[in-house]
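Participant: After the structure tokens below, expect a handful of questions from me.
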Amino acid sequence: MGKALVPADWPPLTDEDVSMVLAGAPAGAVVTWHSPRPMSAAGLVSWPGGTVFVKRHHVSVRTAGQLAAEHAFARHLRARGQPVPAVLRLADGSTATRRGDFVYEAHQLAEGTDLYRDAVSWSPFASPGHARAAGQALARLHLAAAGFAAAERPPGVLTGGCAVTVSADPAAAFGRILASRPDLARYLAGRPWPDDVTRYLLPAIDRAGPLCRRLPRQWGHGDWHPSNLTWTSSGPAAQVAGVLDLGLANRTFAVHDLATALERSTVSWLDLAETGQASADVEAMDALLDGYASVRPLSPAEAAALAEILPVVHVEFALSEVEYFAGVAASAANAALAYDGYLIGHARWFAGPAGSAVLDHLRRRA
């Protein structure tokens, strides 16, 4: 949630965990590296079949059915040449198996170098070349994803989407989300959320909605940032070698996914949390967008929508983070950070001088 390491929300993977779920690995699997990400337990596992990546989720965060949607999308992308690691069959023959209160999945290792493995969330690209390569890779993924016809995933814990931001009645869309998510509703009951939504979110949603509702819907990655990519080398001109983590993938629209990529990695949000000030890396923004357009040029309607969706592209995921911390992790401090710093704070920054300059730049590009 910031620049410092924090205790994980879940116990780490153990050798016994992974030996239990990997096919052909009775007591023969060893966890050789633990991911520092706190919201799930994951790691690299060495076993007789080689080295694989195993991830464990609490059932309050992911069910086997939810993971099945991600795995189907991964298979679709791989069949169309995208460098997404293969999802592996586990000991029971499934790709997502439940043991007690946890669900497990396993993936082949991604090709390439994991340059950003130890980077904190929302870290910037190390070079404009990386940003351009990431834009090109995202465009290739969108071209490959266009034929994936699965329905939109419903709102839930630690999920993204666009239900609020494309709604003709966003206030009613907020209400429907709260009605279906009691932990989120209980937390927001203690916050002035109707006033905050009206002041900080609805103006941008009202600008974005009419533009975005005209765009074709399709699946996207949902969490495109440097540490979810692997690279062909450690140099500044490295290309994307592999694409990781479809945990936030959903049926939105291409510009929503592109705006998410900008939001994740080109604004110094961690500085905002510490100092109240943040800056945008406009060079990285332009490099990512130029790379994207070199593979999949934006239509005029998409280009116009990009600047308007950017200030609120995070809304659905931020709500799901508030829900996670309030109801699953039981962390009042992190729930407040997700609400004040993320849900409201990011939109408020885009309405201020620095954020407005970014949006004006994107409008000029359009």
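Participant: When the chain is fully extended, how far beyond the present Cα-Cα distance does Ala172 get from Val282, taking 0.36 nm per residue of separation?
Facilitator: Taking Ala172 through Val282 to full extension adds about 36.1 nm, to one decimal.
Participant: Same structure again: For every helix of n ≥ 4 consecutive DSSP H residues, a contribution of -39,500 (n - 2.57) applies; sum these over the chain, divide by its total residues, and give [θ] at 222 nm rounded to the nearest 500 deg cm²/dmol. Don't jump to the answer; show the numbers that get you there.
Facilitator: Details: 15 runs with 151 residues, N = 366.
Theoretical 222 nm ellipticity from helices: -12000 deg cm²/dmol.
Participant: Report in % the part of the accessible area of the range 188-326 that belongs to carbon and sulfur, leaving out ligands and nucleic acids; probe 1.4 Å. Don't skip to the answer; put the middle values down first.
Facilitator: Numbers: 2450 of 4610 Å².
Summing carbon and sulfur atoms, their accessible area is 53 percent of the total for the range 188-326.
Participant: What are the ³J(HN,Hα) values, in whole Hz, obtained from phi via the Karplus relation 6.51 cos²θ - 1.76 cosθ + 1.60 with θ = phi - 60°, for each residue of the range 304-320 in sequence order, with x given for Gly and Pro?
Facilitator: 5, 6, 4, 5, 7, 7, 4, x, 10, 5, 8, 4, 5, 5, 4, 4, 5
Participant: Specify the inter-centroid distance of the range 289-366 and the range 210-285, based on alpha-carbon positions, in whole Å.
Facilitator: If we compute the Cα centre of each part, the gap is 10 Å.
Participant: Gap in Å between the Cα centre of the range 52-128 and the Cα centre of the range 137-187?
Facilitator: Measuring centre to centre over Cα atoms gives 20 Å.
Participant: Output ³J(HN,Hα) for the range 112-121: one whole-Hz value per residue in order, computed from phi by the Karplus curve 6.51 cos²θ - 1.76 cosθ + 1.60 with θ = phi - 60°, and x for Gly and Pro.
Facilitator: x, 9, 8, 4, 9, 4, 9, 6, 6, 4
Participant: In nm, to one decimal, how far is the modelled label at Arg80 from the one at Asp206, with both set 7 Å along Cα→Cβ?
Facilitator: 3.7
Participant: Sort Phe102, Phe73 by accessible area with a 1.4 Å probe, largest first.
Facilitator: Working: Phe102 50, Phe73 0 Å².
Highest to lowest solvent-accessible surface, that is Phe102, Phe73.
Participant: What does the extension gain come out to for Ala330 and Ser234, with contour length at 0.36 nm per residue minus their alpha carbon separation? Write down the numbers at each step before the final one.
Facilitator: Details: separation 96, 0.36 × 96 = 34.56 nm, distance 3.89 nm.
Extending this stretch completely gives an extra 30.7 nm.
Participant: Another question, if that's okay. Which whole-Hz couplings ³J(HN,Hα) result when phi for each residue of the range 337-346 is put into the Karplus expression 6.51 cos²θ - 1.76 cosθ + 1.60, θ = phi - 60°, listed in order with x for Gly and Pro?
Facilitator: Working through the residues one at a time gives 5, 5, 6, 6, x, 9, 4, 8, x, 5 Hz.
Participant: Then there's this: Rounded to the nearest 10 degrees, what's the angle between the helix 202-212 long axis and the longest principal axis of the chain, both from Cα atoms, 0 to 90?
Facilitator: 80
Participant: Taking the solvent-accessible surface of protein heavy atoms with a 1.4 Å probe, what is the per residue accessible area of the chain in Å²? Don't skip to the answer; put the middle values down first.
Facilitator: Numbers: 14720 Å² over 366 residues.
Heavy-atom accessible area per residue stands at 40 Å².
Participant: Given 0.36 nm per residue, what is the gain on full extension from Arg213 to Ala179 after removing their alpha carbon distance, in nm? Walk me through the numbers before you get to the answer.
Facilitator: On the way: separation 34, 0.36 × 34 = 12.24 nm, distance 2.37 nm.
Gain on extension, Arg213 to Ala179, equals 9.9 nm.
Participant: Cα convex hull of the range 20-156: how many Å³ per residue?
Facilitator: About 138 Å³ per residue, rounded to a whole number.
Participant: Using heavy-atom solvent-accessible surface (probe 1.4 Å) with all chains present, what is the largest-first order of His71, His34?
Facilitator: Values: His71 5, His34 85 Å².
The most accessible residue leads, giving His34, His71.
Participant: Starting from the Cα of Ala293, step 7 Å along the direction of its Cβ; do the same at Ser356; then give the gap between the two resulting points in nm.
Facilitator: Modelled inter-label distance: 2.5 nm.
The values are calculated or read from the model by the stated rules, or taken from the named source; none is laboratory data. Source: prediction; values computed, not measured. Cβ coordinates were reconstructed from backbone atoms using ideal geometry, including for glycine residues, and neighbour counts include every protein chain displayed. Ligands, DNA and RNA are stripped out before the accessible areas are found, and what is left, the full protein with its side chains, is counted by its heavy atoms. Shrake-Rupley method; radii C 1.70, N 1.55, O 1.52, S 1.80 Å.
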